[in-house]
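A.B. asks: Structure incoming, see below.
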Amino acid sequence: MESPVLLDPPQPWAYWDDKLLVITVATKESDGFHRFMQSAKYFNYTVKVLGQGEEWRGGDGINSIGGGQKVRLMKEVMGHYADQDDLVVMFTECLLEVEFVALDDTLRPILTEK
């Protein structure tokens with residue numbers, strides 16, 4: 001399957017630049033991971049990828065409930081951001097065909113509420 005052609009990116013609202021952190025887990029890079037990262041780059045989102053190069057120990061998703069690897073990694077990294085009250089963290093799956101949209105309409109009310 002061919003990757004979609006991305007046109008000129010919308011101008012991101014400058015407020016997001018240091019307020020939004022996208023976190024995902026990817027122990028290995030797949031086609032879905034590369035599409036995910038391409039989409040994040042298109043929208044100028046900061047992405048932190050957890051688990052790169054680690055062995056997957058979270059279960060197979062079909063035959064087990066998993067070992068909680070994503071939760072453990074997420075819990076570990078969130079301690080680094082605990083003092084940033086105005087940071088919005090979005091955790092998302094990257095191995096499926098997930099692509100971003102402009103988040104202005106979704107995040108503007110959250111981030112401007114303060």
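Each reported figure results from applying straightforward, stated rules to the coordinates on display, with no laboratory input. None of these values were measured; they are calculated from a predicted model. Reconstructed Cβ throughout: ideal geometry from the backbone, glycine too, with neighbour counts over all protein chains shown.
A.B. asks: For a quick protection proxy, order the peptides 32-41, 80-89, 19-28, 47-56 by their average other-Cβ count within 10 Å, most packed first. Kindly include the intermediate steps, with their values, before the conclusion.
C.D. replies: Working: 32-41: 17.6, 80-89: 10.7, 19-28: 19.6, 47-56: 14.3.
Highest-to-lowest ranking by the protection proxy: 19-28, 32-41, 47-56, 80-89.
A.B. asks: Per 0.36 nm of contour for each residue apart, how much would the distance between Lys19 and Val77 grow if the chain were fully extended, relative to their Cα-Cα spacing? Don't skip to the answer; put the middle values down first.
C.D. replies: On the way: separation 58, 0.36 × 58 = 20.88 nm, distance 1.64 nm.
So the chain would gain 19.2 nm between Lys19 and Val77.
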